[in-house]
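Visitor: Dropping the structure in here first, questions after.
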Amino acid sequence: MSNAKGNVYPLWMISNAYQVQSVDKEQKVTDQSHTGFAIDIGISEDGTVWILSNEADPDGGGAQIYWSNGDNKWNKIDTSDPGGVKICGYTGNSCLFLSSSGVLCSMDTDGSYSTLFDSAMSPIIDFDYGGGKIWALMYHDLKSYPNLHYTEASSINWQQIGDSKKPVNLRSLSVNHSGFCNAVNEKGEPVYYNTNGDEGSVGKMGKKLAEKITYKNHCFVLSTDTNDEGNLILEWEDVSGGTFSPTHLRANSICGSYYYHAPS
C-alpha cells in the first residue's frame, strides 16, 4: 500500500469543533478544513479521505458527502444520490456509506453510485471495510439480537459470527488491512475477531477505557477521558503483548490510514 494522498498521515481526526485534522508521524496536527465542517470520516485504500459534512444532503436525506486527496481541498459529491448517516473508506478511491433509509452504498470520487445491501430487514448499526472484507454489527433479522457479520466485498453474502440469541454489545468496530475486525466491547476494552469466531485482546489500556477504535496499518483508540478539547487518543505500542499509551492528542472522532512505516 503506497503512502499517497491521505495515507501520508498515520491518523486523521475530527476535533470537538468539527474540524478535520491530519496527524503526522511526529504527532504534529494540521488543520484540513474549517471548523463546523465534518461529523464522520473514513479513508480509502488509495488514501482518498471521505467525510460526512454538517450539511444536509438535498437528495433523500442524510449528510452531504465530500472527498479530498488530503490537501485541504474538499470536493462535494453533487449527484442525485442520497447522503449518508455513516461513512468509511472502501476499495480504491471509493467509500461505503449508509443512507438514512438503511441502504449500504458505495461511491467513488466521480460520483458513481452502487447499492450493495438494503438493511431494512437486517438493520446495520456499525460497519467498516479492510483487506477485501466488510464487517458489520447488524441484526440477522428483525427478530434477532445484533451480532457481528462479515462478507467478502466482491460478493455480498453475510456470514454471522456468534449466536443471534446472544447479543454482542460493541461501541465501535474497525477492520484492518488484513481483513480482521477490531472493536471496543461493552467493558471499554479493545478486542479483535477473526472469521472463525476467535476473539482476543488487542492490548492493555491501563486504567483508561476505550470509546472508539481505528486500525488499518496501525491502531489508535479514542478513550473516555474527555475535556473541552475532546477525548484523549491512545496509540498501540508493541510492548508486553500490546499496550496503549496516551498521546497529547484529543478529538471527537478518529480514523487511522493505510500509512506504512518501514522498519528501520
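The values are calculated or read from the model by the stated rules, or taken from the named source; none is laboratory data. Given the structure is predicted, the values throughout are model-derived calculations rather than measurements. Positions of Cβ are generated from backbone atoms using ideal geometry, with glycine treated the same way; all protein chains shown enter the neighbour counts.
Visitor: Please return the ranges of strands (runs of 3 or more DSSP E) entirely within region 13-86 where 3 or more residues are among the β-branched types (V, I, T). Talk me through it step by step, then tell me what you get.
Guide: Values: elements: 20-23, 29-31, 38-43, 49-56, 63-68.
Fully inside region 13-86 and qualifying: 38-43.
Visitor: When you go through (1) at pLDDT 95 or above; (2) closer than 19 Å to I125 by Cα; (3) not aliphatic (A, V, I, L, M) one by one for C219, which number turns out not to apply?
Guide: (2)
Visitor: Given the conditions (1) modelled with pLDDT of 95 or more; (2) exposed (fewer than 15 other Cβ atoms within 10 Å of the Cβ), which single one is not true for Y150?
Guide: Of everything listed in (1) modelled with pLDDT of 95 or more; (2) exposed (fewer than 15 other Cβ atoms within 10 Å of the Cβ), Y150 misses just condition (2).
Visitor: Looking at (1) part of a strand (DSSP E or B); (2) of a type in the set (S, T, N, Q); (3) more than 21 Å from F180 (Cβ to Cβ), which is the only condition S100 fails?
Guide: (1)
Visitor: A further question follows. Within region 164-206, how many residues turn out to be not basic (K, R) and not in a strand (DSSP E or B)? Can you show your working first?
Guide: Filtering region 164-206 for residues not basic (K, R) gives 164, 167-170, 172-186, 188-203, 205-206.
Then drop every residue that is not not in a strand (DSSP E or B), which leaves 164, 167-169, 176-180, 186, 188-189, 194-198, 202-203, 205-206.
Qualifying residue count for the region: 21.
Visitor: Which one of the conditions (1) crowded, with 18+ Cβ neighbours inside 10 Å; (2) among the β-branched types (V, I, T); (3) out of contact with any Phe, Trp or Tyr (no Cβ under 9 Å at 6 or more places or on another chain) does T115 fail to meet, given that it meets all the rest?
Guide: The number of the failed condition is (1).
Visitor: Could you check how many residues of region 185-203 are in contact (Cβ under 8 Å) with a residue 12 or more places away in the chain and under 17 Å from I134 (Cα atoms)?
Guide: Qualifying residue count for the region: 5.
Visitor: Out of M138, M121, I need the residue that is part of a loop (DSSP other than H, G, I, E, B) and hydrophobic (A, V, I, L, M, F, W, C). Which one?
Guide: Every option except M121 fails the conditions.
Visitor: Working carefully through the options G36, G62, G70, G6, find the one that is over 16 Å from the mean Cα position of the chain (by Cα), farther than 20 Å from G83 by Cα and small (G, A, S).
Guide: Only one candidate passes the filter, namely G70.
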